[in-house]
1. So how many residues does the stretch 19-68 have that are part of a helix (DSSP H, G or I), touching a helix residue (DSSP H, G or I) at 6+ places or on another chain (Cβ under 6 Å) and surrounded by fewer than 20 Cβ atoms within 10 Å (Cβ to Cβ)?
2. Could you list, in sequence order, all residues of the stretch 73-96 that are of a type in the set (A, V, I, L, M) and under 15 Å from A135 (Cβ atoms)?
3. If I ask for residues that are modelled with pLDDT of 90 or more and out of contact with any Leu (no Cβ under 8 Å at 6 or more places or on another chain), which ones from the stretch 110-128 would you list?
4. Could you go through the stretch 107-118 and let me know if any residue there is hydroxyl-bearing (S, T, Y), over 21 Å from E17 (Cα atoms) and either outside any strand (DSSP E or B) or in contact with a His (Cβ under 6 Å, 6 or more places away or on another chain) (or both).
5. Can you name the number of the only condition in (1) buried (at least 16 other Cβ atoms within 10 Å of the Cβ); (2) more than 17 Å from the chain's Cα centre (by Cα); (3) among the β-branched types (V, I, T) that T93 fails?
6. Filter the stretch 130-175 for residues that are surrounded by 24 or more Cβ atoms within 10 Å (Cβ to Cβ) and among the small types (G, A, S) and give the result.
7. Just a yes or no: is a residue in the stretch 142-159 closer than 22 Å to Q52 by Cα, in a strand (DSSP E or B) and in contact (Cβ under 8 Å) with a residue 40 or more places away in the chain?
8. Among the listed residues L55, L29, identify the single one that is touching a strand residue (DSSP E or B) at 6+ places or on another chain (Cβ under 6 Å), within 18 Å of G4 (Cα to Cα) and among the hydrophobic types (A, V, I, L, M, F, W, C).
Amino acid sequence: MKVGVLAVQGAFAEHEEILSQLGVDYIELRNGKDARQDFDGLILPGGESTTQGKLLRELDMFEPLKEKLVRGLPVLATCAGLILLAEEISNDTARYFGTLPVTVKRNAYGRQLGSFYTEEQFGDLGKVPMTFIRAPYVESVRAGVEILARVEQKIVGVRYKNQIGLSFHPELNDNRKIHQMFLASIALI
């Protein structure tokens, strides 16, 4: 198994460290050539969605990655990654991959000072640590989207087919359950 990690901006190194700890090979996706290689899953890390979206296009990665997502490539998208996947962004006119049928609100918890940590139920994994940094949340979901987690009535974790979208950063904590769930979804294909 090999996982592609978008490595142009944001918290990609933390995801790579977890993959290494779990014994999973990964490739850093930094340009179109990388994005066209074969890999079994994709991680879209947190960071700055506008910057990531711009770099995806400038570095010739947008189309090959979108094609892989449309074909069903398993993906774990955290924070900015969730925004990249979202079909709609309620407070922004930008659109990126649009493969996840949800409406997301960018920076929904405010600026950096609005960052916080909590532990909440996540699907059938039990309580998991959740670190929110200038995080979005999911305002609404469409048919077929499973809600995996809520914090204060706000949707912060969803799954749609092979796509897992999170408002928070599981890579910033010691709990590996979410990454293991993602890797298990790859193994099922």
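1. 2
2. If we filter the stretch 73-96 for residues that are of a type in the set (A, V, I, L, M), which is where we start, we get 73, 75-77, 80, 82-86, 89, 94.
Selection gives A77, A80, L82, I83, L84, L85, A86, I89.
3. Of the residues in the stretch 110-128, the ones modelled with pLDDT of 90 or more are 116-128.
Within the stretch 110-128, F116, Y117, T118, E119, E120, Q121, D124, L125, G126, K127, V128 qualify.
4. yes
5. (1)
6. A135, G157, G165, S167
7. Yes.
8. Numbers: L55 fails: touching a strand residue (DSSP E or B) at 6+ places or on another chain (Cβ under 6 Å).
Every option except L29 fails the conditions.
The values are calculated or read from the model by the stated rules, or taken from the named source; none is laboratory data. In this text, all values refer to a predicted model and were calculated from it rather than measured experimentally. So basically every Cβ, Gly included, is an ideal-geometry build from the backbone, and we count neighbours across all protein chains shown.
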